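Working notes, structure below.
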Amino acid sequence: RIPLLIDTDPGVDDALALLMAFNDTRHEVVGLTIAAGNVGLKHTVANALKLCEVAGVDVPVFAGTAAPLLHPSPDAGYVHGQDGFGDVGYEPAKRQVEAEHAALAILRLSHEHAGKLLLVALGPLTNVALALKLDPTLPQRIARLVVMGGAVTCQGNITPAAEFNIYFDPEAAHIVFEAFEHIDLADWEAVVAHGLHHDRVIEWLKAGSTRGQFYERISEKTRLWSIDRRGDHWHAADALAMAFALEPDGALDVQARPLSIELEGTHSRGATIVDWRRQEGREDRVAILMKYDHERFERLIRDALAASPA
Ligand code: BDR
Ligand code: CA
């Protein structure tokens with residue numbers, strides 16, 4: 001099985017992506033490294049532990065860094081609930097977080113699974129950037145890096161130009177995008193193009209197992225917010241990135257281009273600047289997902305919500 005390490009800030013759409021990963025028999029989730037982002041680290045760690053418990057999986061959870069590398073940034077509690085899981089007041093998980101720091105866990109696991117590890121980053125890139133600063137040879141041991149982040153024509157969700165994960169810690173994103181020679185990217189605009197109709201989501205949730213029932217509870221607040229703010233379709237960003245990670249052959253159109261992270265700018269900090277016309281002569285390092293097989297995307301989600309703990 002392909003070893004899969006997920007760096008994540010759960011977060012409601014992160015949780016869906018994790019359930020998809022847990023349900024995939026061709027991949028083995030070897031760890032969850034936890035970032036701050038959607039909400040503070042205390043909550044994202046607690047949420048990861050709880051999700052593992054509900055899903056019945058024994059995956060180690062490593063806490064990362066509680067703040068962006070340089071500048072503080074506001075969270076997204078207004079989307080995901082103040083606790084990141086819809087404020088449903090769940091009973092905390094009995095299991096504990098590991099002692100090892102997330103950045104060190106990334107490095108250790110990259111050695112243990114050298115050349116084979118699939119790394120999927122679903123939150124701000126703080127932990128991955130720190131791991132790179134500690135050991136710049138990290139990319140040599142990663143088989144594939146998939147990132148959810150950015151807005152490739154600068155139609156962001158957190159500012160007019162920037163997407164949340166990149167905006168939260170642009171310096172970290174810059175470090176990661178400069179260090180890896182190849183990144184598979186599912187950006188916010190791809191997510192908008194792959195919305196899930198709320199009526200269908202509700203059908204899947206109603207047919208759900210223990211995992212699905214828990215997911216129905218924790219996602220209700222954000223789904224209602226989404227109906228109110230964005231209409232008929234739900235934009236489950238991290239789920240699309242996970243589909244791309246788990247079943248890359250479901251990608252129907254991928255465009256490789258150079259990409260830079262904007263670190264300055266009155267209106268543009270955190271923007272992902274894609275050199276679409278290759279004007280700067282840089283390498284095409286980022287493979288941007290443009291179109292993914294929608295039926296396959298829906299099937300991966302539906303199956304993940306229907307699955308029961310082993
Ligand atoms: C990204 O930001 C977060 O709120 C989501 O979990 C996702 O990773 C979408 O912009
Ligand atoms: Ca996320």
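The values are calculated or read from the model by the stated rules, or taken from the named source; none is laboratory data. None of these values were measured; they are calculated from a predicted model. So basically every Cβ, Gly included, is an ideal-geometry build from the backbone, and we count neighbours across all protein chains shown.
Residues in the stretch 275-310 that are assigned to a strand (DSSP E or B) and of a type in the set (D, E, K, R): Lys291 only.
Applying the criterion of at least 2 residues that are away from ligand 1 (no atom under 16 Å from the Cβ) to the helices (runs of 4 or more DSSP H) found wholly in the stretch 27-143 leaves 41-55, 102-112, 126-134, 138-141.
Residue count for the stretch 277-287 under the criterion of being touching a residue at least 24 places away in the same chain (Cβ under 8 Å) and over 12 Å from Asp184 (Cβ atoms): the result is 3. Among residues that are in a loop (DSSP other than H, G, I, E, B), surrounded by fewer than 17 Cβ atoms within 10 Å (Cβ to Cβ), β-branched (Val, Ile, Thr) and touching a residue at least 40 places away in the same chain (Cβ under 8 Å), Thr153 is included. Criterion applied to Glu171, Glu163, Glu181 was being more than 16 Å from ligand 2 (Cβ to nearest atom), out of contact with any Lys or Arg (no Cβ under 7 Å at 6 or more places or on another chain) and acidic (Asp, Glu), and the one residue passing it is Glu171. Looking across the stretch 158-171, the residues that are out of contact with any strand residue (DSSP E or B) (no Cβ under 7 Å at 6 or more places or on another chain) and either of a type in the set (A, V, I, L, M, F, W, C) or without any contact (Cβ under 8 Å) to a residue 40 or more places away in the chain (or both) come down to Ile158, Ala161, Ala162, Phe164, Phe168. With respect to the stated conditions, Pro10 is within 16 Å of ligand 1 (Cβ to nearest atom), part of a loop (DSSP other than H, G, I, E, B) and crowded, with 24+ Cβ neighbours inside 10 Å.
Taken over the stretch 232-250, residues that are farther than 20 Å from Glu28 by Cα and either more than 13 Å from ligand 2 (Cβ to nearest atom) or crowded, with 23+ Cβ neighbours inside 10 Å (or both) amount to 5.
A search for C-beta distances below 6 Å between a residue of the stretch 1-18 that is under 19 Å from Ala143 (Cβ atoms) and touching a residue at least 40 places away in the same chain (Cβ under 8 Å) and any residue that is charged (D, E, K, R) and surrounded by fewer than 24 Cβ atoms within 10 Å (Cβ to Cβ), counting only pairs 6+ apart in sequence or on different chains, returns Pro3/Glu28; Pro3/Lys116.
Just the residues that are among the β-branched types (Val, Ile, Thr) and in contact with a Phe, Trp or Tyr (Cβ under 6 Å, 6 or more places away or on another chain), please, taken from the stretch 211-253.
Ile218
Note on the stretch 172-264: enclosed strands (runs of 3 or more DSSP E) holding 2 or more residues that are within 13 Å of ligand 1 (Cβ to nearest atom) and in contact (Cβ under 8 Å) with a residue 12 or more places away in the chain are 183-186. Glu163 - would you say it is in contact with a Gly (Cβ under 8 Å, 6 or more places away or on another chain) and acidic (Asp, Glu)? The answer is yes for Glu163. Looking at Leu4, Leu19, Leu69, Leu51, which one is away from ligand 2 (no atom under 14 Å from the Cβ), within 22 Å of Asn127 (Cα to Cα), modelled with pLDDT of 95 or more and crowded, with 20+ Cβ neighbours inside 10 Å? Being away from ligand 2 (no atom under 14 Å from the Cβ), within 22 Å of Asn127 (Cα to Cα), modelled with pLDDT of 95 or more and crowded, with 20+ Cβ neighbours inside 10 Å holds for just one of Leu4, Leu19, Leu69, Leu51, which is Leu4.
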